[in-house]
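Data block below; observations after.
The values are calculated or read from the model by the stated rules, or taken from the named source; none is laboratory data. None of the values given here were measured: they were computed from a predicted structure. Methodologically, a virtual Cβ is constructed for each residue, glycine included, from the backbone with ideal geometry; neighbour enumeration extends over all protein chains shown.
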Amino acid sequence: MTAGAVRIRPPSALRFVAIALIVPILIVALLLWVGSEYRRAEELRDAMTRTFTHSLAEERLLSLLKDAETGQRGYLLTGDRRFLDPYTPAVSAIGDEMAAVHASPERRALVAAKLAELDRTIHLLDEGDRAGALQVVRGGEGKAIMDRLRVEVARMFHVEHSAIEARRRSFEAQRARLRVTIVVLAVLLIASVLVGLAILWRSRQQRYQSLMEALEAAERNAAVLDNTADAILILDAKGLIEEGNAAATRLLGYPAEQLIGCDMAELLDLSDGIIDGPSPPPFLSDVEVRHRDGHSITVDVAISALRLPAGERRIVSLHDLSDRKRMEQAKDELISTVSHEIRTPLTSIVGSLGLLRAGSAGSLPPAAAQLIGIAENNSARLIRLINDMLDIDWIATDRLPMMRRPVDLHQVLERTCVGSEGLARSRGVEIRCTPRDRPVMVEGDADRLLQVATNLVSNAVAVAPQGSAVEIGLHRQGGRAILHVDDRGPGVPPAFRARIFGRFERGSGAGDGAGLGLAISREIVQRHGGTIGFEDRADGGTRFWVSLPDLGAERDDVDRLEHFG
């Protein structure tokens, strides 16, 4: 993903579970609430029905008692037993009504007392004692019982109607709360649906935005891929080409549709398994790739792994070296021209000028001798510059000629001192060499080591003040042979220390060189298995040193052991 792009987050399972549960929970709660209120309404309706039925039964019970009492009164007044026709059915029905209304013991006692009073009156009349029967009626016992029954039924009606009224008021209040609750739940449901829709819309928007960013990134990557100068191929696990950019079709000469599915091993001159192996090399240099028409093209190959959900892929980048090869060929031709067409005549010129300066053609006037000396020095400087450029080229192409044989560094030091004497005198600097009484042997190329020492001494002479001395020493330490050159110059500036051994790097006061001497010296020393460096001197100036493996260290150890024995 490109920098600044929105990071795609995975969907939140907790959020979706909460949204998925909250609506059913609210619906279930609403259903439970409505069911509870429905049951309460049913209970109230049942209670009202029972109260109404009970009221009817009580009314029927009182009506039956009145019927029985009416029959008793008609028989008492008229003596006609036909008035007793409704009495017997009424008495029989009174028992059933008593069971239906679940009468209390008091009411049962009152009903039983009333029936007993009626039976006693009818019994007296049947025996002809009408006066006794009238006496029982006049006593008011039957009326008192009926009044008590009416009071008891009225009290029962009042209690039941009060309970029903309380339930009704409670139900009305509960129904009002139910309406409010339904409204609140409906609002919550609507809000939940709206929130769910908002979240869904936001997720869809984010998904759309992510898809658009992915599409833009894919288009941008495709544009970058198609406009890349290097050929880029994507291979599957079997080494078959799955995708290639426009540069690949141009380099290999295949149309895009024909390039897909080609085996990369058939296009590159490589051993089997290098491309599609478990650990291919990250970089291969100077590899031949075959064009569609059959000719070969030299390329650099970069290989990297790409891990995708569908499996691992290989990305192969082919950098065409044709232009570089042509430039290298042109450079080689230029170097060959410089080497043969410039250095050789310059060498002859320097030799001729030296002969003239030495008087081989006769003595010269002082002014002419001075001009010849200047021309000789400048020609020699040009030869040194050409030699340095050739050495740098040979180092870059790993063709620097190097001999491998035992070399006495003491002899190299002496040759350096002798060869640098003229340069030192011309600058008013003294060369001091510290001789050694025994050889210091290293393995390498004597001329190349002389070149290193001469570069160090010439640099020291260039920065040394007039009248000072440049000291050249040689010692052995810890199995190493160390050659050092000390000067009394201003030292190496701190800003220049990190790049002092770089190519074409020249410090202040370093003379008129091209800045290649120290770079060449470092390469030569490293190829001898040594190191080169510098350090500030305690009394001023700089010491440059070269450390090489000492071949005589083991011999000296053997000599000391033999002497000890």
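In table form, for the structure just shown:
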quantity	calculated
Helices (runs of 4 or more DSSP H) contained in the stretch 87-161 and holding at least 2 residues modelled with pLDDT of 75 or more, charged (D, E, K, R) and out of contact with any Cys (no Cβ under 9 Å at 6 or more places or on another chain)	105-126, 130-138
Count of the stretch 165-174 residues which are charged (D, E, K, R) and over 13 Å from E42 (Cα atoms)	3
Qualifying residue in the stretch 419-427 (condition: modelled with pLDDT of 85 or more, under 18 Å from V470 (Cβ atoms), part of a helix (DSSP H, G or I) and hydrophobic (A, V, I, L, M, F, W, C))	yes
Residue satisfying condition, being at pLDDT below 80 and either surrounded by 13 or more Cβ atoms within 10 Å (Cβ to Cβ) or under 25 Å from A223 (Cα atoms) (or both), within set D286, D323	D323
Neighbours by Cβ (under 9 Å, 6+ apart or cross-chain): first from the stretch 150-174, free of Cβ contacts under 8 Å to residues at least 60 places away in the same chain and at negative phi; second surrounded by 15 or more Cβ atoms within 10 Å (Cβ to Cβ) and of a type in the set (S, T, N, Q)	none
Hey, R167 surrounded by fewer than 13 Cβ atoms within 10 Å (Cβ to Cβ), within 30 Å of M48 (Cα to Cα) and in the same structural domain as A41 (by TED's automatic domain parsing) or not	no
Cβ pairs under 8 Å, 6+ apart, first in the stretch 419-431 and farther than 16 Å from A453 by Cβ, second at pLDDT below 90 and assigned to a helix (DSSP H, G or I)	R427/A462; E430/A424
E333 of a type in the set (D, E) and either within 47 Å of the chain's Cα centre (by Cα) or at pLDDT 70 or above (or both)	no
In the stretch 207-242, residue farthest from R290 (Cα to Cα) [restricted to those that are touching a Leu at 6+ places or on another chain (Cβ under 7 Å) and of a type in the set (D, E, K, R)]	E242
Qualifying residue in the stretch 212-225 (condition: surrounded by 14 or more Cβ atoms within 10 Å (Cβ to Cβ) and β-branched (V, I, T))	no
Scope the stretch 436-450; condition touching a helix residue (DSSP H, G or I) at 6+ places or on another chain (Cβ under 7 Å) and either within 20 Å of A464 (Cα to Cα) or part of a loop (DSSP other than H, G, I, E, B) (or both); matching residues	R436, P439, V440
Selection from the stretch 199-251 of residues that are small (G, A, S), assigned by TED's automatic domain parsing to the domain that holds L267 and in a helix (DSSP H, G or I)	A246, A247, A248
Members of the stretch 380-418 that are outside any helix (DSSP H, G or I), at pLDDT below 80 and not polar (S, T, N, Q)	D398, R399, L400, P401, M402
Which numbered condition L240 misses (of (1) in contact with a helix residue (DSSP H, G or I) (Cβ under 9 Å, 6 or more places away or on another chain); (2) farther than 24 Å from E312 by Cα; (3) modelled with pLDDT of 80 or more)	(2)
Meets criteria (in the same structural domain as V137 (by TED's automatic domain parsing) and either under 18 Å from V153 (Cβ atoms) or β-branched (V, I, T) (or both)) for A99	yes
Cβ-Cβ under 7 Å pairs, at least 6 apart or on other chains, the stretch 199-220 side more than 30 Å from N245 (Cβ to Cβ), far side part of a helix (DSSP H, G or I) and of a type in the set (A, V, I, L, M)	I199/I19
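This table checks each residue for (1) touching a helix residue (DSSP H, G or I) at 6+ places or on another chain (Cβ under 8 Å); (2) in the same structural domain as A176 (by TED's automatic domain parsing); (3) modelled with pLDDT of 75 or more.
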| residue | (1), (2), (3) |
| --- | --- |
| V34 | yes, yes, no |
| A41 | yes, yes, no |
| L44 | yes, yes, no |
| R50 | no, yes, no |
| S55 | yes, yes, no |
| S63 | no, yes, yes |
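To keep it simple, each residue is scored yes or no on (1) among the aliphatic types (A, V, I, L, M); (2) at pLDDT 90 or above.
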position: R480; (1), (2): no, yes
position: P494; (1), (2): no, no
position: R503; (1), (2): no, no
position: L518; (1), (2): yes, no
position: F544; (1), (2): no, yes
position: R560; (1), (2): no, no
